[in-house]
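A short worksheet on the structure shown next.
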């Protein structure tokens with residue numbers, strides 16, 4: 001449907017671009033035919049191709065399988081990653097655009113990773129590419145280990161990762177480069193890496209951590225890196241060092257599509273003499289306080305709740321009690337849980353957010369006992385389709401203290417659009433539907449722990 005709309009819009013643009021008297025002889029029957037399309041494409045150096053339409057009096061429309069297109073005859077496009085590609089071709093003249101199209105296929109046996117001018121580094125690079133490679137690869141759903149299917153090879157500075165099976169979860173496609181490089185807590189470091197993949201990936205994780213303790217890390221930018229299909233990307237960060245005898249560079253591509261291929265190259269790790277750049281503070285949302293909370297109308301009055309409390313084997317303990325109150329909830333856990341996601345509490349609403357509109361969301365939490373690293377996320381009711389806070393916000397909850405979880409200005413840039421999806425509400429047709437969902441996880445809670453959740457606020461950003 002998307003391509004049909006593109007064709008229609010293009011035809012309308014083409015036919016209305018001329019003045020009425022410019023082509024008075026327009027005859028729809030004289031439009032070109034797709035069966036007559038004749039093309040020639042020349043394979044150039046560096047995995048580049050020149051596309052030429054040979055039909056006299058006609059112009060081409062090239063539709064590439066990475067969702068780009070062009071109307072230039074003689075258009076040149078580069079395909080840096082080895083593989084088979086297709087181009088769909090239509091053509092038009094002043095009478096109109098042809099019905100139908102033809103498709104041509106072409107292949108490259110080798111990837112081309114010299115993308116012209118790279119970002120130069122003139123200092124001393126501590127990274128040597130002399131590493132031990134380990135990996136982890138799991139299937140969706142049951143997390144079955146299929147590491148033997150994950151292929152990782154090294155050719156000098158280039159690491160090639162081939163993941164044939166798609167999965168949906170983070171940490172299901174891990175690559176670890178174990179180095180002999182040490183770091184020091186009294187130094188700052190610059191890290192840089194380039195990557196190019198054959199498919200889009202919006203949730204790549206990169207971590208540089210102590211090989212002996214992955215919680216002792218120089219940085220852990222989880223889910224903040226994005227890759228576009230066949231487009232090289234360079235990621236750079238300056239961070240304070242840690243005391244580590246050996247460093248481990250971790251990449252996670254979990255959630256990748258089928259037949260995913262990515263090249264990792266130009267790794268730089270260097271001591272940095274300057275100051276660490278300060279991150280720009282996020283704008284602070286101001287919530288108007290009132291007895292009902294500053295919440296979008298009719299949201300809190302119709303919250304539905306779900307709760308999960310798991311034991312060490314992820315079995316449901318069912319040992320919690322909950323006191324609901326619209327804008328306030330109290331949960332009591334009888335037994336302790338031993339890790340993240342083992343004490344989940346969800347507030348599911350029927351609210352459907354708007355694309356392009358930014359939102360501020362706040363929840364306050366108070367516990368009678370310490371809870372380490374509680375998690376806050378904003379998701380759609382089915383979670384997989386819209387996850388607006390990536391890995392979530394994690395904070396220690398100190399006994400007796402009020403802890404605020406706040407996100408400011410989340411928008412369509414984070415796919416902030418929720419339509420109705422299957423959930424916990426009956427729309428009259430018997431189909432259960434829901435919308436924006438707040439997820440809190442108190443995994444790691446101690447026994448006989450009481451948690452209060454209150455002052456839930458959702459507002460359109462001002």
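The values are calculated or read from the model by the stated rules, or taken from the named source; none is laboratory data. None of these values were measured; they are calculated from a predicted model. Virtual Cβ from ideal backbone geometry, glycine too; neighbours counted across all protein chains shown.
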Q. Considering only residues of region 97-111 that are at pLDDT below 90 and surrounded by 16 or more Cβ atoms within 10 Å (Cβ to Cβ), which is farthest from the chain's Cα centre (by Cα)?
A. 108
Q. What number goes with the only condition from (1) at pLDDT 90 or above; (2) more than 35 Å from the chain's Cα centre (by Cα) that residue 94 does not pass?
A. (1)
Q. How many of the residues making up region 243-297 are crowded, with 19+ Cβ neighbours inside 10 Å, in a loop (DSSP other than H, G, I, E, B) and modelled with pLDDT of 85 or more?
A. 4
Q.
What's the number of the only condition in (1) more than 28 Å from residue 245 (Cα to Cα); (2) assigned to a loop (DSSP other than H, G, I, E, B) that residue 127 fails to meet?
A. (1)
Q) Does region 201-242 hold any residues that are touching a residue at least 40 places away in the same chain (Cβ under 8 Å) and not in a strand (DSSP E or B), and which are they? A) 230, 232, 241, 242
Q: Take the residues in region 144-153 that are surrounded by 14 or more Cβ atoms within 10 Å (Cβ to Cβ) and more than 22 Å from the chain's Cα centre (by Cα), then tell me which one is farthest from residue 268 (Cα to Cα).
A: 146
**Q.** Answer residue from region 342-382, given it is under 20 Å from the mean Cα position of the chain (by Cα) and in a strand (DSSP E or B) and is surrounded by the most Cβ atoms within 10 Å (Cβ to Cβ) among those
**A.** 378
Q: Looking at (1) out of contact with any helix residue (DSSP H, G or I) (no Cβ under 9 Å at 6 or more places or on another chain); (2) more than 17 Å from residue 366 (Cα to Cα), find the lone condition where residue 350 falls short.
A: (1)
Q.
Name the residue that is farthest from residue 352 (Cα to Cα), counting only residues in region 446-462 that are buried (at least 21 other Cβ atoms within 10 Å of the Cβ) and at pLDDT below 95.
A. 453
Q.
Which of the numbered conditions does residue 156 fail, given that it passes all the others? Conditions: (1) at pLDDT below 95; (2) crowded, with 18+ Cβ neighbours inside 10 Å.
A. (2)
Q. Does region 312-322 contain any residue that is modelled with pLDDT of 80 or more and buried (at least 18 other Cβ atoms within 10 Å of the Cβ)?
A. yes
Q | Matching option when the condition is modelled with pLDDT of 85 or more, loosely packed, with under 15 Cβ neighbours inside 10 Å and in a loop (DSSP other than H, G, I, E, B), among 325, 339 | A | 339
Q. Restricting the first residue to region 349-370 and requiring it to be on the phi > 0 side of the Ramachandran plot, which pairs with a second residue that is surrounded by fewer than 17 Cβ atoms within 10 Å (Cβ to Cβ) meet a Cβ separation below 8 Å and a spacing of at least six or different chains?
A. 356/412
Q: Go through region 161-179 and count every residue that is within 13 Å of residue 205 (Cβ to Cβ) and not in a loop (DSSP other than H, G, I, E, B).
A: 4
Q.
Given the condition closer than 23 Å to residue 148 by Cα and surrounded by 17 or more Cβ atoms within 10 Å (Cβ to Cβ), answer yes or no: does some residue in region 180-189 qualify?
A. no
(Q) Can you report the number of residues in region 420-445 which are over 19 Å from the mean Cα position of the chain (by Cα) and modelled with pLDDT under 80? (A) 16
